[in-house]
Amino acid sequence: MGLSELKQLVEDLPGESALKREVHGAFQHIRRLKDEKTSLNESNQELLRQLSEERQRREDLNQRVQINRITGLPNHHRMASDMNELLSAFRGERDTHRGAIFFLRLDRSFQTMQSTMKPQMLEWILYQVSQRIQEIIGDNGTVYHSRENEFVIILTGNLSKREFSAFGSRLRAEVRRPHNLSGYNIHIDCHIGIAEFPQHGREKGRLLQNADIALQAAEERSVELVFFEEDLREQVVEKMELQNSILRALEQQAIVEIGKQFEIYYQPIINITEDPGESPMIRLEDGSGWRISDVGAEALIRWNHPNKGLIPPDRFIPLAEETGLIIPIGNWIIYNVSEQIRAWRDKGLELGPVSVNISPRQFHSETFVHSVRNAMANNRLSSESFRFEITETSIAQDPETMIKTMWELHDEGVYFYIDDFGTGYSSLSYVHQMPVKKIKIDKSFVFQLHEDKREQTIVRTIIAMAKELGLGLVAEGVEEKAHLSYLLQAGVRSFQGYYFSRPLQAAHFASFLEAKSYLPDE
Ligand code: C2E
Ligand code: MG
Ligand code: MG
């Protein structure tokens with residue numbers, strides 16, 4: 001029996017009955033439910049329509065989110081999802097298919113453009129670069145515009161390493177080909193890092209990281225392209241670890257914190273006079289006698305890493321330079337050395353000037369001149385207590401800023417030494433514009449002085465040049481008496497090197513000064 005038959009049956013019952021009323025009520029309820037269902041269906045339809053619109057909107061957005069606005073190339077979001085697909089397909093292929101990921105990053109010339117060009121022009125150049133890359137890649141792979149100055153290219157197909165390399169060279173040559181902009185030729189350059197798969201990784205994160213590591217190596221070595229190798233990973237990871245450690249050491253930039261891990265060593269600089277007097281004597285084989293006028297020092301930083309032990313400055317100073325951390329470290333060094341000189345003076349020690357190495361980046365810091373002034377004032381030191389060492393190479397980087405800051409410091413009475421002389425780009429054309437007192441002959445020339453004619457010629461030329469410019473000389477790396485004899489006879493009067501002493505902890509340096517036995521027992 002259907003519902004309507006049941007309804008009819010109940011309605012046909014004679015008279016009024018409770019059952020009749022109940023059934024009638026039930027049917028009315030059912031009708032209401034039916035009506036509600038119809039209107040629910042209608043609103044469901046509306047909801048579905050809205051949902052599909054929303055889906056479309058999302059797809060459009062997604063499309064936009066996955067496309068670089070300037071070049072129209074797929075961006076890093078798309079690259080990530082494409083790579084997942086690609087690699088899972090490859091996993092099934094068991095090494096029969098090969099491919100490579102190219103990381104291509106535009107070099108500093110692009111950053112210069114960013115600060116000098118109108119945004120539209122920059123966008124136009126990026127667009128041109130992207131077009132050129134795409135033309136070379138063609139159907140062999142996909143190009144992604146992953147970051148503003150970075151493109152990632154995934155090449156598939158069974159190509160050899162040599163073929164990948166040839167691709168890389170063509171890519172770079174195309175990027176370097178001048179870009180014509182309103183009649184001007186704009187030059188831009190790039191470096192490329194390559195990771196091959198499957199051998200450099202079967203998983204997205206690792207492959208991308210390895211290509212990035214290779215790119216960093218190419219940038220550091222200033223070469224066109226570098227293929228990933230495991231050794232590179234170690235170098236980069238070590239670099240990152242060091243960087244993190246420096247950051248941690250400086251986390252609060254509190255001087256006490258830095259002082260816990262960093263320590264300053266002092267290496268004596270022996271200054272010789274020709275005046276007679278009551279001071280220690282150096283006698284050479286030829287019978288000549290020389291007196292020591294005073295002993296200064298060079299302050300040399302050491303890093304006592306909590307896990308890695310003593311880390312030499314050559315390993316972490318360049319990093320600190322790169323990250324800008326050299327500014328707080330450098331300020332700490334100046335303060336620390338000043339306090340130390342004050343403490344030695346108060347103890348009555350006779351001490352010549354102390355040299356402090358200054359990195360080029362410190363010259364660009366607004367706090368630098370200020371910290372020197374403060375450090376001297378707080379410790380009641382005259383400018384004669386200090387010398388600042390700058391390397392020849394650092395002068396060549398930005399002579400104008402350097403010269404300006406040097407004179408500002410010279411207003412406080414500070415003089416400079418030029419360090420590692422003879423190893424960098426010649427800075428001679430600037431030297432006469434700077435408050436320079438002495439040139440330091442690099443240790444690499446001094447080491448072989450007694451046996452190598454070429455080194456002798458270089459050293460003699462440096463000495464003649466310094467005389468011509470009215471500058472004094474310090475020789476570093478004096479390890480043997482033969483070096484000392486040669487240099488003394490050639491006219492050098494200041495010496496630093498293992499022959500006299502290695503760099504010493506502050507307390508040992510004080511003992512060295514107190515003992516006044518500056519010459520090694522022979
Ligand atoms: P530099 O300024 O040329 O310092 C001289 C380097 O030669 C020191 O190395 C010193 O230990 C070493 N040396 C001196 N005499 C001899 C010798 O007879 N034989 C040999 N084999 N080596 C000798 P160190 O302390 O490892 O420093 C290396 C470089 O790190 C320094 O070269 C300097 O450029 C940089 N550096 C060190 N301390 C600081 C610092 O406080 N600030 C900055 N910015 N750089 C620093
Ligand atoms: Mg030095
Ligand atoms: Mg040096």
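The values are calculated or read from the model by the stated rules, or taken from the named source; none is laboratory data. Keep in mind it's a predicted model, so treat the numbers as computed, not measured. Reconstructed Cβ throughout: ideal geometry from the backbone, glycine too, with neighbour counts over all protein chains shown. Heads up: the accessible areas ignore ligands, DNA and RNA and are worked out on the full protein's heavy atoms, side chains in. Shrake-Rupley method; radii C 1.70, N 1.55, O 1.52, S 1.80 Å.
What's the total number of residues in the stretch 34-53 that are under 30 Å from ASP12 (Cα atoms) and open to solvent by 90 Å² or more (accessible area, probe 1.4 Å)?
4
Search the stretch 324-341 for residues being within 16 Å of ligand 2 (Cβ to nearest atom), modelled with pLDDT under 95 and hydrophobic (A, V, I, L, M, F, W, C), and hand back the single one that is most open to solvent (accessible area, probe 1.4 Å).
Only one residue fits best here, namely ILE333.
Filter the stretch 308-358 down to the residues that are charged (D, E, K, R) and under 14 Å from the mean Cα position of the chain (by Cα) and list them by number.
Within the stretch 308-358, ARG315, GLU321, GLU322 qualify.
Could you list, in sequence order, all residues of the stretch 373-423 that are open to solvent by less than 70 Å² (accessible area, probe 1.4 Å) and of a type in the set (S, T, N, Q)?
Residues satisfying the conditions are ASN374, ASN379, SER382, SER383, SER385, THR391, THR393, SER394, THR401, THR405.
Take the stretch 388-408 and flag every residue that is assigned to a strand (DSSP E or B), free of Cβ contacts under 8 Å to residues at least 60 places away in the same chain and closer than 16 Å to VAL372 by Cα.
Step one: of the stretch 388-408, the residues assigned to a strand (DSSP E or B) are 388-391.
Among the residues that remain, those that are also free of Cβ contacts under 8 Å to residues at least 60 places away in the same chain are: 388, 390-391.
Hits for the stretch 388-408 are PHE388, ILE390.
In the list LEU155, LEU159, LEU122, which residue meets the criterion of being modelled with pLDDT under 95, touching a helix residue (DSSP H, G or I) at 6+ places or on another chain (Cβ under 6 Å) and open to solvent by 10 Å² or more (accessible area, probe 1.4 Å)?
Details: LEU155 fails: open to solvent by 10 Å² or more (accessible area, probe 1.4 Å); LEU159 fails: touching a helix residue (DSSP H, G or I) at 6+ places or on another chain (Cβ under 6 Å).
Only one candidate passes the filter, namely LEU122.
Is the stretch 342-354 home to any residue that is of a type in the set (A, V, I, L, M, F, W, C), surrounded by 16 or more Cβ atoms within 10 Å (Cβ to Cβ), more than 10 Å from ligand 1 (Cβ to nearest atom) and more than 24 Å from ILE418 (Cα to Cα)?
Of the stretch 342-354, the ones of a type in the set (A, V, I, L, M, F, W, C) are 343-344, 349, 351, 354.
Next, only the ones that are surrounded by 16 or more Cβ atoms within 10 Å (Cβ to Cβ) stay: 344, 351, 354.
The next check asks that each one be more than 10 Å from ligand 1 (Cβ to nearest atom); those that pass are 344, 351, 354.
Going one step further and asking which of them are more than 24 Å from ILE418 (Cα to Cα), we end up with 344.
Checking the stretch 342-354: at least one residue is of a type in the set (A, V, I, L, M, F, W, C), surrounded by 16 or more Cβ atoms within 10 Å (Cβ to Cβ), more than 10 Å from ligand 1 (Cβ to nearest atom) and more than 24 Å from ILE418 (Cα to Cα).
Hey, could you check the stretch 441-465 for residues that are within 12 Å of ligand 1 (Cβ to nearest atom) and of a type in the set (Val, Ile, Thr) and say which is nearest to the chain's Cα centre (by Cα)?
Among them, the one singled out is ILE441.
Within the stretch 428-440, work out how many residues are away from ligand 3 (no atom under 13 Å from the Cβ) and buried (at least 21 other Cβ atoms within 10 Å of the Cβ).
Residues flagged as away from ligand 3 (no atom under 13 Å from the Cβ) and buried (at least 21 other Cβ atoms within 10 Å of the Cβ) within the stretch 428-440 amount to 1.
Quick test for you: out of PRO119, PRO198, pick the one residue that is out of contact with any Ser or Thr (no Cβ under 7 Å at 6 or more places or on another chain) and touching a residue at least 12 places away in the same chain (Cβ under 8 Å).
The unique qualifying residue is PRO198.
Check the stretch 451-459 and report whether any residue there is within 16 Å of ligand 2 (Cβ to nearest atom), more than 15 Å from VAL295 (Cα to Cα) and of a type outside the set (Lys, Arg).
Checked against the condition, which is being within 16 Å of ligand 2 (Cβ to nearest atom), more than 15 Å from VAL295 (Cα to Cα) and of a type outside the set (Lys, Arg), the stretch 451-459 yields no hits at all.
Where in the stretch 222-301 are there strands (runs of 3 or more DSSP E), lying wholly inside it, with at least 1 residues that are away from ligand 3 (no atom under 16 Å from the Cβ), at pLDDT 75 or above and of a type in the set (Phe, Trp, Tyr)?
225-227, 262-273
Restricting the first residue to the stretch 295-323 and requiring it to be open to solvent by 40 Å² or more (accessible area, probe 1.4 Å), which pairs with a second residue that is more than 13 Å from ligand 1 (Cβ to nearest atom) and outside any helix (DSSP H, G or I) meet a Cβ separation below 7 Å and a spacing of at least six or different chains?
What qualifies is LEU310/ASN304.
Quick check: anything in the stretch 418-433 outside any strand (DSSP E or B), in contact (Cβ under 8 Å) with a residue 24 or more places away in the chain and in contact with a His (Cβ under 9 Å, 6 or more places away or on another chain)? Walk me through it before giving the result.
Taking the stretch 418-433 as the starting set, the residues that turn out to be outside any strand (DSSP E or B) are 422-433.
Pick out the ones that are also in contact (Cβ under 8 Å) with a residue 24 or more places away in the chain and you get 422-428, 430-433.
From what's left, in contact with a His (Cβ under 9 Å, 6 or more places away or on another chain): none.
The answer is no; no qualifying residue exists.
Which is surrounded by fewer than 21 Cβ atoms within 10 Å (Cβ to Cβ) and at pLDDT 90 or above, of PRO178, PRO198?
On the way: PRO198 fails: at pLDDT 90 or above.
Sole residue among the options that is surrounded by fewer than 21 Cβ atoms within 10 Å (Cβ to Cβ) and at pLDDT 90 or above: PRO178.
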